[in-house]
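Take a look at the structure set out below.
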Amino acid sequence: MIDLNRFEAECRQDIPLLSAMHLSFVSFEDLTLTMDAPLAPNINNKGTAFGGSIASICLFAGWAVATLAFVDNSIHNTEIVVFKNEMTFERPARGHLTANAFIKPDDFEACLSRLKAGDTGRIRLDIHVELFHDDKRCATMRGLYVVWLK
């Protein structure tokens, strides 16, 4: 069982931006991570969420869901980095932000199998993130992350 509070504390210690953004972990289950953040520390001059904050939340959520998924499967020695991503900003976010990051089970199983088999190469993993305000999707991100064993 993953201790999200402990993981969040470790992430905040290693990545100070998370504290500045007031980004917090809500849940992790079935290859899906939910995070949230208030608008105030992520606001722009239009009174909506700053695009850079949205992008940062999505990129971090992608990394975090992958990290948690591997730890949940007893793989503790991975390196995970974003290779490329595509963001779509669908509407302004005017309040509390909720991000849902998820990995498709087949994609994760393929990556996990290669890691467990001792593959020493860089393995690509697609991760999807949706960001919401008031249950309305405001942004999406598709990230291609690269995973390898340390």
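Some notes on this structure:
- Intensity falloff of the chain expressed as log10 I(q)/I(0), Debye formula with alpha-carbon point scatterers, at q = 0.09, 0.10, 0.16 Å⁻¹: -0.27, -0.33, -0.83
- Among M87, M35, M21, M1, sorting on how many other beta-carbon atoms sit within 10 Å of each Cβ, with the fewest leading, yields M1, M87, M21, M35.
- HN-Hα J in Hz across region 94-103 - Karplus 6.51, -1.76, 1.60, θ = phi - 60°, x for Gly and Pro: 10, x, 3, 9, 10, 10, 10, 9, 8, 10
- With Cα atoms, 0 to 90° folded angle of helix 4-14 axis to the chain main axis: 80 degrees
- When the convex hull of its Cα atoms is viewed from all sides, region 13-93 shows a mean projected area of 6.3 nm².
- The phi-based Karplus calculation (6.51 cos²θ - 1.76 cosθ + 1.60; θ = phi - 60°) puts the 3J(HN,Hα) values of region 41-51 at x, 10, 8, 10, 6, 9, x, 10, 5, 5, x Hz, whole numbers, x for Gly and Pro.
- Charge dipole of region 1-41 (Cα centre as origin; +1 on each Lys and Arg Cβ, -1 on each Asp and Glu Cβ, all else neutral): 180 debye, rounded to the nearest 20.
- The chain - mean residue ellipticity at 222 nm from DSSP helices (-39,500 (n - 2.57) per run, n ≥ 4, rounded to 500): -10500 deg cm²/dmol
- Between region 78-109 and region 29-66, the alpha-carbon centres lie 9 Å apart.
- Cα lying deepest toward the dipole's positive end in region 4-149, options N77, A66, N44, charges on Cβ: N44
FYI, it's all coordinate maths here, none of it is from the lab. If you're wondering where the values come from, they're calculated on a predicted model, not measured in any experiment. Methodologically, a virtual Cβ is constructed for each residue, glycine included, from the backbone with ideal geometry; neighbour enumeration extends over all protein chains shown.
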